[in-house]
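What follows is a short report on a single structure.
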Amino acid sequence: MRWPESPAATRRGAFVAVAVALFCIQLDFFALNLALPGIAAELDVTVSAAQWALSAYMLAIGCFFVIGGRTGDVFGRRVTLLVGIALFTAGSVGCAVAPGLGLLVAARIAQGLGAAFVFPVSVSVITNAFPEQTRARALGAVFGVANIGTALGPFVGGGFTEGPGWRWIFWLMVPLGLLSLVTALLYVPHSRDPSAPRGLDLPGCALTVCALAALTLAVERGDAWGWGSARTLGCLAAAAVSGGLFLVRERRARHPLIDLRLFRNLPYVLVTAMGSLSNMAYAVTVLLATLTLQGVRGLSPLLAGTVFLAPALMVAVSGPLGARLGRHLEPTAVMALAGAVAGTGMYALTEVTAWWLYVPVFAWCGLGLGLGYTFAGVATQQVVAPARAGEAAGVLLTFLVTSGAIALAGAAAAISATTPQRPPGEAYDALLRLGGTVLLSTALAATAATAATVVRRRRTAPRRTDRAPLRDP
């Protein structure tokens, strides 16, 4: 039952419920990286084994993004959001009380399943709750709140690990999750795709889960197993076969899980590709900055997390900033601007040594990276029909998460291969320069493509005249 309120109150309630849920998910994920040594010590396992607390979460969330988004479109966004928040909160309790690694991993899978339903449905809830005039601004503000969780994650993780313990990361999620759940129950309106049948393409669901699980497992554990090992190659082969069968199934299914015509939407494809690249750069930059601050500069986990407060504000600002820029610029132009800011920031991080310069450069880099992957979520909702918002968001998020995992695996493999020959700091700097160069090159290409599009539109637009056309007598 929903609380009867005015449309304005309903929109505010939906915004609060979604923003708090996304804040929790982002904070939880990015806080746990710095807690892995503490988890390994308390549970008496190796750090490599404790890594499964992250890998299991990535497996669950990456495999079910598309299913979560389409479930909201088909069965209703409100009920799907409620189920997702409840699963995530229950999983947080399980993580907080887990006596061993096995139960911790199981609880993390529950968290990942909940997050996989919450994220794409949250985007479509905002898209369908707000009118077109304020939709982009609302999405930008929601992503801004979520980005605060992203930026504060390392600080919270380091602080709790050194203070009361890593379990308090999960205890913090419980009251926030309950707040989001109750608010969603009272205020989030019901919406769904009216043209969708009341059913899911179950064979398509099974195939996409198999493909994404195999791919995610390969990139997450490839460095530990060895990239040429039978397990890694077997996972990659299983991902390729399952992915091919999924495409065949979706072409023939009467009601496919993903309408493949979505990929004929060129603006959607371009924004998704550029957003994925920005997310890859973000994931790698966070990893390298963490390693540099602790391993090269010798900072404690708490102090290293404190340094992340510098880009925290800029990452949070990037959401509303992207929504505002999107009202005046082409989506590809906004993404090009983000790539230019992030690329220069990544490259500059390798050149600064003084603290007074490192911190603002890190903030500049955070602004560009946050704008890049955040605006992708806003822009995709502008180029697809609201009825298919959940599906489009699920596909986008699947690409973002999978590409981020691949980038992290690639960075870890590169570090492992190069550190015996050179100091770790030089390896970190080389990867940052490479990422910055790629982003700057992509920004230039996107700028050229945007300029060509604008020129083409002007040439094909009908000419206007102040005088009435001449008519035959």
With respect to residue 198, determine if the residue is surrounded by fewer than 18 Cβ atoms within 10 Å (Cβ to Cβ), under 22 Å from residue 67 (Cα atoms), modelled with pLDDT under 80 and touching a helix residue (DSSP H, G or I) at 6+ places or on another chain (Cβ under 8 Å). yes
Going through segment 160-170 one residue at a time, which ones are in a helix (DSSP H, G or I) and either modelled with pLDDT of 80 or more or in contact with a Lys or Arg (Cβ under 9 Å, 6 or more places away or on another chain) (or both)? 160, 167, 168, 169, 170
Do we find that residue 306 is part of a helix (DSSP H, G or I) and under 23 Å from residue 410 (Cβ atoms) in this structure? no
Single unsatisfied condition, residue 180 versus (1) within 22 Å of the chain's Cα centre (by Cα); (2) of a type outside the set (D, E, K, R); (3) surrounded by fewer than 24 Cβ atoms within 10 Å (Cβ to Cβ); (4) closer than 14 Å to residue 20 by Cβ: (3)
Find all pairs meeting these conditions: Cβ atoms under 6 angstrom apart; at least six residues apart or on different chains; first residue within segment 254-276 and not assigned by TED's automatic domain parsing to the domain that holds residue 369 and polar (S, T, N, Q); second residue assigned to a helix (DSSP H, G or I) and crowded, with 23+ Cβ neighbours inside 10 Å. none
Report yes if residue 134 is buried (at least 17 other Cβ atoms within 10 Å of the Cβ) and either of a type outside the set (A, V, I, L, M, F, W, C) or in contact with a helix residue (DSSP H, G or I) (Cβ under 9 Å, 6 or more places away or on another chain) (or both), otherwise no. no
Determine whether residue 222 is outside any helix (DSSP H, G or I), more than 16 Å from residue 391 (Cα to Cα) and not assigned by TED's automatic domain parsing to the domain that holds residue 401. no
Hey, residue 322 modelled with pLDDT of 80 or more, under 24 Å from the mean Cα position of the chain (by Cα) and crowded, with 18+ Cβ neighbours inside 10 Å or not: yes
Is one or more of the residues making up segment 242-256 within 23 Å of residue 52 (Cβ to Cβ) and either assigned to a helix (DSSP H, G or I) or among the hydrophobic types (A, V, I, L, M, F, W, C) (or both)? yes
The condition from (1) in contact (Cβ under 8 Å) with a residue 12 or more places away in the chain; (2) part of a helix (DSSP H, G or I) that residue 103 misses is numbered (1)
Note: among 29, 65, just one is assigned to a helix (DSSP H, G or I), touching a Pro at 6+ places or on another chain (Cβ under 9 Å) and touching a residue at least 60 places away in the same chain (Cβ under 8 Å), namely 65
Given the conditions (1) in contact with an Asp or Glu (Cβ under 6 Å, 6 or more places away or on another chain); (2) in contact (Cβ under 8 Å) with a residue 40 or more places away in the chain, which single one is not true for residue 324? (1)
Exactly one of 185, 207 is buried (at least 22 other Cβ atoms within 10 Å of the Cβ) and in a helix (DSSP H, G or I), and that residue is 207
Buried (at least 18 other Cβ atoms within 10 Å of the Cβ) and under 25 Å from residue 203 (Cβ atoms): is that true of residue 91 in this structure? no
State all residues of segment 137-160 that are within 14 Å of the chain's Cα centre (by Cα) and among the aromatic types (Phe, Trp, Tyr); if no residue qualifies, say none. 143
Given the options 147, 128, name the one that is in contact with a Pro (Cβ under 6 Å, 6 or more places away or on another chain), of a type outside the set (D, E, K, R) and not assigned by TED's automatic domain parsing to the domain that holds residue 400. 128
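The values are calculated or read from the model by the stated rules, or taken from the named source; none is laboratory data. What you see is a predicted model; the values in this text were computed from it and never measured. Heads up, the Cβs are rebuilt from the backbone with ideal geometry, glycines too, and the neighbour counts pull from every protein chain shown.
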